[in-house]
Amino acid sequence: MGFTSPFSLGREKHCVILVITLDKIRFIEKWGLFLVLKLMRLLFCIQVLLCPAIAGDKDGDSPELVTDRPDLTESSSVVPKGTVQIEMGWSMERLSSPGEDLTAHHFPETLARIGLHDRIELRLGWDGGQWQELQKDGINVVSSGAGDMYLGTKLSLWSEDGNLPETALIMGSSIPTGSKCRASDQLGNRLCCSSFNLYSSRRYDPSVILAMSKTLSDRLSIGWNLGTVWLTEREDSGDFDTLPRGIYSASLGISATDRMGFFVEFFGDTSLTGGSRPSNSVDGGVTFLILPNVQLDASAGKGVSSESPDWFAGAGISFRLPG
């Protein structure tokens with residue numbers, strides 16, 4: 001999650017709208033992805049060169065690196081006390097609806113997890129910068145902006161014991177610091193500021209998630225989440241409405257080697273007030289531990305219901321800094 005570069009946060013920015021040809025859109029998509037991957041590689045090099053502590057404890061006493069990415073299922077463990085764990089990456093998704101097609105890039109989606117206590121972590125996040133391409137009624141539109149921030153905490157309730165799964169409670173809220181589209185920036189029927197093309201919810205959207213996990217064998221584990229998130233969306237009238245949605249997920253983790261792991265996952269959400277269909281998706285991915293405290297990841301998936309994205313993909317890096 002999901003649950004972020006602080007530049008341009010706290011400032012209201014106009015949506016950047018360009019009406020361009022389809023060929024130019026494909027050019028931007030191709031080279032935009034190329035630059036994002038290059039930037040991620042540069043960030044990794046800087047982190048390794050400037051932060052030798054990332055390499056971990058040479059005596060082998062460094063705790064296992066457990067991350068909340070790349071799957072959507074939040075882990076049930078908290079980071080060690082006195083450490084800071086950064087999880088960041090890029091994601092892309094494609095959504096289609098009658099008469100509309102949207103391609104969106106997010107970078108750098110970031111979650112900072114700070115160990116305050118053996119059972120408590122502070123969570124600071126950002127949705128990242130967002131670049132979107134929308135095709136509607138024969139018109140091509142490119143827009144960009146900054147997403148909202150997030151503030152929360154994870155509380156470890158109890159450890160795994162026999163048939164009892166490890167369980168944690170995650171509570172938090174989005175903070176409306178992202179870019180806000182204005183009426184003057186709209187093109188046609190709110191192409192820039194439609195409900196799925198909105199950088200900031202303009203409200204504090206809280207969430208409560210129960211995260212659980214169970215070890216199945218030396219190589220297999222399963223994690224699952226149940227919770228509620230309140231989401232703010234723009235209606236066709238232009239008004240905002242905040243409604244609760246139930247969220248659910250299950251992820252099977254497979255340890256192929258001591259360094260490489262895989263996962264397959266099912267996740268979704270559904271309205272708790274009626275009026276819309278559930279949004280369900282499946283995905284899978286790989287993680288690779290290049291150093292005891294540094295992990296790379298990649299994932300991809302597709303929607304399995306009419307309300308979910310057609311397909312999505314992502315890649316990222318996670319690292320932990322000892323206190």
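Note on segment 113-139: residues that are over 21 Å from Ser318 (Cα atoms) and out of contact with any strand residue (DSSP E or B) (no Cβ under 8 Å at 6 or more places or on another chain) total 2.
The test for being among the acidic types (Asp, Glu) and either crowded, with 16+ Cβ neighbours inside 10 Å or modelled with pLDDT of 90 or more (or both) holds for Asp148. Being aliphatic (A, V, I, L, M), modelled with pLDDT of 95 or more and in contact with a Gly (Cβ under 7 Å, 6 or more places away or on another chain) is true of Ala298. Of the strands (runs of 3 or more DSSP E) lying entirely inside segment 65-174, those carrying at least 3 residues that are under 20 Å from Asp297 (Cβ atoms) are 84-97, 100-117, 120-126. In the condition set (1) farther than 25 Å from Thr228 by Cα; (2) of a type in the set (S, T, N, Q); (3) buried (at least 20 other Cβ atoms within 10 Å of the Cβ), Thr177 is compliant with all but (1). Would you check which residues across segment 240-279 are crowded, with 18+ Cβ neighbours inside 10 Å and under 17 Å from Lys302 (Cβ atoms) and list them? Passing the criteria: Ser249, Ser251, Phe263, Glu265, Phe266, Phe267, Gly268, Asp269, Ser279. Within segment 301-323, being among the polar types (S, T, N, Q) and either closer than 26 Å to Ser255 by Cα or in contact with a Gly (Cβ under 8 Å, 6 or more places away or on another chain) (or both) holds for Ser305, Ser308, Ser318. For Thr228, the conditions (1) outside any strand (DSSP E or B); (2) touching a Gly at 6+ places or on another chain (Cβ under 8 Å); (3) not aliphatic (A, V, I, L, M) all hold with the exception of (1). The criterion of being surrounded by 18 or more Cβ atoms within 10 Å (Cβ to Cβ) and modelled with pLDDT of 95 or more does not hold for Ser200.
For segment 277-295, a residue qualifies if it is touching a Gly at 6+ places or on another chain (Cβ under 8 Å), farther than 14 Å from Glu265 by Cβ and polar (S, T, N, Q), and the qualifying residues are Ser279, Asn293. Counting just the residues of segment 262-320 that are within 19 Å of the chain's Cα centre (by Cα) and of a type in the set (Ser, Thr, Tyr), which one comes out nearest to Gly246 (Cα to Cα)? In this case the residue turns out to be Thr270. Of all the numbered requirements in (1) crowded, with 18+ Cβ neighbours inside 10 Å; (2) within 19 Å of Ser318 (Cα to Cα), Val142 misses one, and that requirement is (2). Sub-6 Å Cβ pairs linking a first residue in segment 239-256 that is under 14 Å from Met212 (Cβ atoms) and at pLDDT 95 or above to a second residue that is outside any strand (DSSP E or B) and hydrophobic (A, V, I, L, M, F, W, C), at least 6 apart or interchain, are Ser249/Leu72, ordered by first then second residue.
The values are calculated or read from the model by the stated rules, or taken from the named source; none is laboratory data. Quantities reported herein were computed from a predicted structural model and do not represent experimental measurements. Cβ atoms come from the backbone with ideal geometry, glycine included; neighbour counts cover every protein chain shown.
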